[in-house]
Every structure is written in structure tokens, then in C-alpha cells.
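Engineer: Got a structure here, written out as C-alpha cells. Questions coming.
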Protein chains: 2
Amino acid sequence: MTYAFEPIGVIHSCFKEKFGIPRQPGLASEATATLELFAPYNSQEALAELAGFSHIWLVFVFHQALREGWRLTVRPPRLGGNQRIGVFASRAPFRPNPIGLSAVQLEGINCQDGRCRLRLRGADLLDGTPVLDVKPYIPYADALPEAVAGYAAQPPAVQFKVVFSAAAEAQCVAYERARYPALRRLIEQILQTDPRPAYRHGQGDGQCYGMRLYDFDLRWRIDDGQCRVLGLEPLDSGGGGDN
Amino acid sequence: MTYAFEPIGVIHSCFKEKFGIPRQPGLASEATATLELFAPYNSQEALAELAGFSHIWLVFVFHQALREGWRLTVRPPRLGGNQRIGVFASRAPFRPNPIGLSAVQLEGINCQDGRCRLRLRGADLLDGTPVLDVKPYIPYADALPEAVAGYAAQPPAVQFKVVFSAAAEAQCVAYERARYPALRRLIEQILQTDPRPAYRHGQGDGQCYGMRLYDFDLRWRIDDGQCRVLGLEPLDSGGGGDN
């Protein structure tokens, strides 16, 4: 038996590549995204009463995992990338059915000129992610703060202070003014838990790392127990800021 | 773009029909179920480290909703069945993609003789439900007790005391001894929030209601502010107790 699903919408997000995306939703509160609904779901009717909820579930497809397929075991980054656990004990994208699940904050709903968009916060989703379903977050059924969570009991720890070079600082100020008001805080949130695999955590390796964020290339280096943002160079691919 | 998914397993549950199923997981803690994994997922490897989690997410298909299709708006039972809300503001099964989501308690994992079964508690799932994914419940990302939940802020209220007729009492004692140890408590949990649509709540209508539970027909009547269990008649269809 096979079940076929078509996306109801698509995510527009600041995260243009997998590296650097927070490993669970809510870890980077400044990571905003929008869900653009496709017809015939782009209607106020389909969303009636949703605005009364502060959070929603997104059920989505890990579209970048489709090509690679799945494995019975995975090595989660938080366990250093060298311990194998069962795929069903993980939230890894390489699953038998590559369906993802994220609780995100619903900031608002904009429906006009035939377009419907949900404004989201705390999303850990790649730009272009196909969304299969939106559900209201219902605390009495979904919030189980006492649940025991094995190896994932604690959120990823803050690894270091994030400092900005003079050049990065100036770029940040300019970008914040122009388009991305909380950019500095977003960069801090992304980098402070160290996007590198856990076995490298704590090590200042002096190497330069980079990720694409919005429409620029964010570059940083880890040295002497701190993470130094080196710069935010604009990319000319364009279209990256659609969020 | 269409995404095709095949079930990783199937639910065996005491709930053999939709009427009477608790409207969210966790409301009937005595509702036990098992998830039987299909090959090649019926392996201890795929489940390694899952036993360290007290709760899991089940991502499943509302298989009984497939034929009926979806609607832009639904009338949730808790709003009395006469107020329309958007389908994305509801957890109703009649969704554009009929994917369900339930956090349930993981009681244990049994793998032997090539079969792998997860023992679950608090499941609000119909017998035969196809499961697409199992994920660990991660409180720091999934538990948002402060979330605001519009019309669904409160769990369904207990509507009345559940009492048992002498005949039902005797049947319950016999069934509990034979096979279903917490049957009486399960029946109380199912009936105390009143499975009827909300507009009938509080009304003692003297009518007799029934639902299929395990392999018997549970019958009750609502009168004078109490729910009276009339009997639990065995059904001869058999096979209903596979859970």
C-alpha cells in the first residue's frame, strides 16, 4: 500500500543550505520563515481560527534527503557523529519516509491578492521545504515536559561567545538597517551552539567556516574558546531574501 | 510534485470503530495499543536507543478518511459540531493530506522471532491504522506548555460519573480476569468525557449508545447526569483482541 501526498505549500527561509540550520525548532528564535500556501489552500477559510494559536506543527518533507535514501541506523551530530542509533530513535532526515515534524511559533497570517502566507518564528527548515500539513499545537495533548528523552534530554549547549570582527559588525549594522532587523542576534543563535559535528566542539581549530544565510555568505572562525564572525559577503545569486 | 510513502507498520488497538475514540492522545491512559513494524523495519537495529525515551511521536495515515476526502472547513465535535473552522486550525482527519500525529507513551519494545512490536499507552488510534514514521519525543523542542491554543486550550471536560449496571459489572470482572486487566478504568476514561457531539453534552437523553471495544459491544445510556454502562456483549467476529 502506498500513500501519495502533494504539498500544501512551501517554506521560504533564511537557511539556504543544511549546514548551520539549528538542529531542532525553537533553538534560534530569530530564525523567521514564511509558509506560502498553494491553491486551493491559499484561502482564509482553510485558516479560520488558526490565528488563535501561538504555535503550529509543520509536517514537511526532508526534500534534500530524498536522493540519499534511508539507513537503519544514523549517527546523530550531538553524539559526536560516531555513535550509531536506530533511525526511529532519531529525528534525522534520512528516514524510511522522510517526513519531518517541527513545532514553530505562528507570528501572523497574511492573506491578500490571492496569496496566503503564515509568518513563522523558530523554524529549523531549509528554504524550499515542501509542507504536507499544518496543525494547531494543542498543549494538553502535545506538551509533555516530563517526558524522558534518552540521549536528547538536554538542548544543545551554548559552546562559546560569538564576537564580531569590525568588518562583520559594520556589515551587520548595514544589513539590519536595510532588511534583516535581528540579524546579529540570529547569527549569535546559530553559531553559539556550534554547527560543527559534536566531536569538534570545544576545539578552536583556527579553520574558517562558512554557510549561506539569506543572500550572503556568513564566515566565521573558532579560536581560543570564542567564535569570531569574520564577514557577511553578499552573494549575487539573488532571490535569497524571500522570507 | 507528489511524494509517495509506504507504511513502516500498523497499529493494533482496542478501538475498532471511530465513535468513542478519545479525541486526542493521552486522554485515556488505559488505552493500550501495539505498533507492529513491517520488514525491513522489524529490527532491533532500527530501534536502538529508542527505549531510552518515555514517549514517541506516531506519524500515521487517517486511513478511514481517505475515501471521504477533505474540506476547507470542519466542524470540530468540541465546538458542538455546528461551528466551522479552517481545516488547518483543526486536527480533524479530513485533511488535504490525511496525516495524523500523536504523542504516545512508549511502554516497551518486543523484538523476537522476526517480529518487532512497540507497546504503547494513551493511543487515540483506530485498529489497523498505517504508521508512516516513529520519532522520539524531545521535550526541549516539542513540549511547549505555555503555547496558546485558541478554542482547544482546555482538554475535554469530564461530563459525568460512569456507573456500571450489575450485569456490566460482572462482565467487566470476568473480562479483566481473562484478558483486559484495566478494562473498567478504560471504559470510565472513554465515557466520562462523553463521546457524543458536544451539543448533546449534559443532556440525559435516555438513548442507548454503543461502540465496539476490543472484541465486544460496549453499551451505555445517559440519564440523570450519569452514564450507566449497560453491558459488554461479546462479538463473534474474533481477532479483535490482538493488542
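Engineer: Taking the Cα-to-Cβ direction at B:R84 and at B:E176 and moving 7 Å from each Cα, how far apart do the two end points lie in nm?
Structural biologist: Going from the B:R84 label point to the B:E176 one covers 4.7 nm.
Engineer: Next question, about the same structure. By the gyration tensor of its Cα atoms, with a ≥ b ≥ c the square roots of the eigenvalues, what is the shape of the stretch A:161-234: rounded for a/c under 1.5, prolate for a/b over b/c, or oblate? Each step should come with its number before you reach the end.
Structural biologist: Details: a/c = 2.03, a/b = 1.87, b/c = 1.09.
Since a/c reaches 1.5 and a/b is larger than b/c, the shape of the stretch A:161-234 is classed as prolate.
Engineer: Shifting gears a bit: Can you give the Rg and Dmax of the protein assembly as shown based on its C-alpha atoms, in angstrom?
Structural biologist: 24.5, 82
Engineer: In which sequence would A:W57, B:W220 go, from the one with the fewest C-beta neighbours within 10 Å to the one with the most? All intermediate terms of the calculation are to be shown ahead of the outcome.
Structural biologist: Working: A:W57 22, B:W220 26.
Lowest count first: A:W57, B:W220.
Engineer: Let me ask something additional. Would you tell me the mean number of C-beta atoms belonging to other protein chains that fall within 10 Å of each C-beta in B:125-137, as a whole number? Can you show the working numbers first?
Structural biologist: Numbers: counts 0, 0, 0, 0, 0, 2, 1, 7, 10, 6, 10, 11, 6.
The per-residue average across the peptide is 4.
Engineer: Moving on. Chain A: D in µm²/s via Stokes-Einstein (Kirkwood Rh, Cα pairs, 20 °C, 1.002 mPa s)? Kindly include the intermediate steps, with their values, before the conclusion.
Structural biologist: Numbers: Rh = 19.3 Å.
In µm²/s, the coefficient rounds to 111.
Engineer: Once you average over the residues of A:47-60, how many Cβ atoms of partner chains fall within 10 Å of each Cβ? Display every interim value, and only then the final one.
Structural biologist: Working: counts 7, 11, 13, 7, 3, 8, 9, 6, 5, 3, 4, 0, 8, 0.
Across A:47-60, the average partner-chain Cβ count within 10 Å equals 6.
Engineer: Would you mind getting the Kirkwood hydrodynamic radius of the stretch B:9-142 from its Cα pairs, rounded to one decimal in Å? Each step should come with its number before you reach the end.
Structural biologist: Numbers: mean 1/r = 0.0638 Å⁻¹.
One decimal place: 15.7 Å for the Kirkwood radius.
Engineer: Specify whether the C-alpha gyration tensor of the stretch A:82-171 places it in the rounded, prolate or oblate class, a ≥ b ≥ c being the square roots of the eigenvalues: rounded for a/c under 1.5, otherwise prolate if a/b is larger than b/c and oblate if not.
Structural biologist: oblate
Engineer: Given R₀ = 22 Å, what would the calculated FRET efficiency be for B:Q44 paired with A:R75, taking r from the Cβ atoms and rounding to 0.05? Before the final figure, lay out the partial values.
Structural biologist: On the way: r = 17 Å, r/R0 = 0.78.
Step by step, r from the Cβ atoms, then E = 0.80.
Engineer: Sticking with this one: What average number of partner chain Cβ atoms lie no more than 10 Å from the Cβ of the residues making up B:96-105?
Structural biologist: Mean number of neighbouring Cβ atoms from other chains: 5.
Engineer: Still on this structure, I have one more. List the aspartates and glutamates whose Cα lies under 12 Å from the Cα of A:K135, skipping any in the same chain that are fewer than 8 positions away.
Structural biologist: Qualifying aspartates and glutamates at Cα under 12 Å: A:E49.
Engineer: Run the helix sum for chain B: -39,500 (n - 2.57) per DSSP H stretch of 4+ residues, divided by residue count, reported at 222 nm to the nearest 500 deg cm²/dmol. Don't skip to the answer; put the middle values down first.
Structural biologist: Working: 4 runs with 31 residues, N = 243.
About -3500 deg cm²/dmol.
Engineer: Please report, for the Cα atoms of the stretch A:1-88, the Rg to one decimal and the Dmax as a whole number; what are they, in angstrom?
Structural biologist: 16.6, 48
Engineer: Mind giving me the nanometre distance, one decimal, between the label points for A:D224 and B:Q207, set 7 Å out from Cα along Cα→Cβ?
Structural biologist: With each label placed 7 Å out from Cα toward Cβ, I get 7.8 nm.
Engineer: For B:E169 and B:Y199, FRET efficiency with R0 = 22 Å and r from the beta-carbon atoms, rounded to 0.05? Provide the component values of the computation, followed by the final result.
Structural biologist: On the way: r = 31 Å, r/R0 = 1.40.
In this case the efficiency is close to 0.10.
Engineer: Kindly rank B:76-89, B:124-137, B:165-178 from highest to lowest mean number of other beta carbons found within 10 Å of each residue.
Structural biologist: The most tightly packed comes first, giving B:124-137, B:76-89, B:165-178.
Since every read-out is calculated from the coordinates, none of them should be taken as a lab result. Only a predicted model underlies this, so the values are computations on that prediction, with no experimental measurement involved. Cβ coordinates were reconstructed from backbone atoms using ideal geometry, including for glycine residues, and neighbour counts include every protein chain displayed.
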